[in-house]
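Undergrad: Mind looking over this structure? Questions follow.
Computed from the coordinates by the stated procedures, all read-outs in this text should not be read as laboratory data. This is a predicted model, so every value here is computed, not measured. Cβ atoms come from the backbone with ideal geometry, glycine included; neighbour counts cover every protein chain shown.
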Amino acid sequence: MMKIFSFFFITIWCVSLLAGEITGTVKIPRASDNADAVVYIERQEDMQFEPPKEQPVMDQQNLTFIPHVLPIVVGTTVQFRNSDKVQHNIFTPSPAGDMFNLGTWKGDQ
């Protein structure tokens, strides 16, 4: 589902930059809506997508990730914040997980 949502935002961004057009319909079986859908472009040989100048932020507020979904362009650095009073740990179970395990930290860090 996240992949579909990413594609959607990258597509919109690309269309505005390149004055091209991609159209389609997002259908998610067994879902009440497609609010968290991410649509993305896997590869386009003659196109490059630069990371945004402003660093995206993923925050933890009231034990919840805000925003709930954060699509990013490959190569983008994401800032992770903790606005809670409890410690949190950001990690991924992927093979590259050790590169992204930030350990635990308290709020306002």
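Undergrad: I'd like the Karplus ³J(HN,Hα) series for the stretch 22-37: coefficients 6.51, -1.76, 1.60, θ = phi - 60°, whole numbers in Hz, and an x wherever there's a Gly or Pro.
TA: The phi angles translate into 10, 10, x, 10, 9, 10, 10, x, 6, 10, 6, 7, 10, 4, 9, 6 Hz.
Undergrad: Can you list the equivalent-ellipsoid semi-axes of the stretch 51-109, largest first and in whole Å, using the square root of 5 times each Cα gyration tensor eigenvalue?
TA: Largest first, the stretch 51-109 gives 19, 16, 10 Å.
Undergrad: Further, regarding this structure: Arranged by the count of other C-beta atoms within 10 angstrom, fewest first, what order do 42, 50 take?
TA: Numbers: 42 6, 50 9.
Result, fewest neighbours first: 42, 50.
Undergrad: Let me ask another. Under 5 Å between amide hydrogens, which residues at least 5 positions from residue 82 or on another chain qualify, with H placed 1.01 Å from N in the peptide plane?
TA: Residues meeting the amide H criterion: 60, 108, 109.
Undergrad: So for each of 62-73, 26-37 I average, over its residues, the number of other beta carbons within 10 Å; can you give me the resulting order with the highest mean first?
TA: Per-residue Cβ counts within 10 Å, averaged per peptide and sorted highest first, yield 62-73, 26-37.
Undergrad: Here's something else I'd like to know. Each residue of the stretch 63-71 in order: what ³J(HN,Hα) in whole Hz does its phi give by Karplus 6.51 cos²θ - 1.76 cosθ + 1.60, θ = phi - 60°, with x for Gly and Pro?
TA: My calculation for the stretch 63-71 gives 6, 9, 6, 10, x, 5, 10, 9, x Hz in order.
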